[in-house]
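The values are calculated or read from the model by the stated rules, or taken from the named source; none is laboratory data. None of these values were measured; they are calculated from a predicted model. Quick reminder, even Gly has a Cβ in these numbers, built from the backbone with ideal geometry, and neighbours come from all protein chains shown. For the accessible areas, the whole protein counts, side chains as well, though only heavy atoms, and no ligand, DNA or RNA atoms are used. Shrake-Rupley method; radii C 1.70, N 1.55, O 1.52, S 1.80 Å.
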Amino acid sequence: MEFMRNFFVLIVLMFIFVSCTKDPVIFSEDKIIRLGKIPKGSKFKKKIKIYNRGFKDLKIYKIENSCSCTSSLLESDIIKRNEFTELSFEILFPFSVGSSENTICIRNNSLDDFYLIKIYAEIF
């Protein structure tokens, strides 16, 4: 019983420590994007919101795409507390059929310093 009480106290303390961090916290509702079936050679465009849920400014250092078929543009590279910016991206899907996985890496100053957006599609 003593072990369970100590374990519970440890979990509560860890939760309090994590929730009290003053660092920026990067977040997007669109971390995984599943497009389903896409015709080969087609383009896909989308805008997603990148939020800062932390207390300090979130600084975006660099946007990296997994292949040259993806281009992306960030509206602002500094996101204030409880604000967001938009990330626009475009993918030109290959002329070959099969599964496609594209990744956009957002390098930033939060604890999740390599934040990944994954885009999946089935090319036909």
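With every protein chain present, what is the per residue accessible area of the chain (1.4 Å probe, Å²)? Present the calculation step by step, with values, prior to reporting the outcome.
On the way: 8330 Å² over 124 residues.
About 67 Å² of surface per residue is accessible.
State whether the chain is rounded, prolate or oblate according to the following rule on the C-alpha gyration tensor (a ≥ b ≥ c being the square roots of its eigenvalues): a/c under 1.5 gives rounded; otherwise a/b larger than b/c gives prolate, and the remaining case gives oblate.
Cα axes put the chain in the oblate bin.
Taking only Cα atoms, what is the 0 to 90° angle, nearest 10, from helix 2-19's long axis to the longest principal axis of the chain?
Taking the Cα atoms of the chain, the angle to 2-19 is about 60 degrees.
For the chain, with all protein chains present and a 1.4 Å probe, just round the carbon and sulfur fraction of the accessible area to a whole percent. Could the numbers behind the result be given before it?
On the way: 5010 of 8330 Å².
Of all accessible area on the chain, carbon and sulfur atoms account for 60 percent.
Please list, ordered by chain and number, the residues whose modelled amide H lies under 5 Å from the amide H of Ile78; skip anything fewer than 5 residues away on the same chain.
For Ile78, whose amide H was placed from the backbone, the distant partners under 5 Å are Ile60.
What GluC sites (Glu not before Pro) in region 26-124 are in a loop by DSSP, with at most 15 other Cβ atoms within 10 Å of the Cβ?
Listed in order of number, the matching sites are Glu29, Glu75, Glu83.
Taking the full set of protein chains and a 1.4 angstrom probe, give the accessible area of Arg5 in square angstrom, rounded to the nearest 10.
Probe radius 1.4 Å; accessible area of Arg5 about 130 Å².
Of Lys37/Lys80; Lys47/Lys80; Lys22/Lys49, which sit over 29 Å apart, Cα to Cα?
With Cα atoms farther than 29 Å apart: Lys37/Lys80.
Hey, got a sec? Which chymotrypsin sites (Phe, Trp or Tyr not before Pro) in region 31-89 land in a DSSP loop and have at most 15 other Cβ atoms within 10 Å?
Within region 31-89, the qualifying chymotrypsin sites (Phe, Trp or Tyr not before Pro) (loop, at most 15 other Cβ atoms within 10 Å) are Phe55.
Out of the DSSP beta bridges found with both residues in the chain, what percent are antiparallel (nearest 5)?
Antiparallel bridges make up about 85 percent of those DSSP assigns within the chain.
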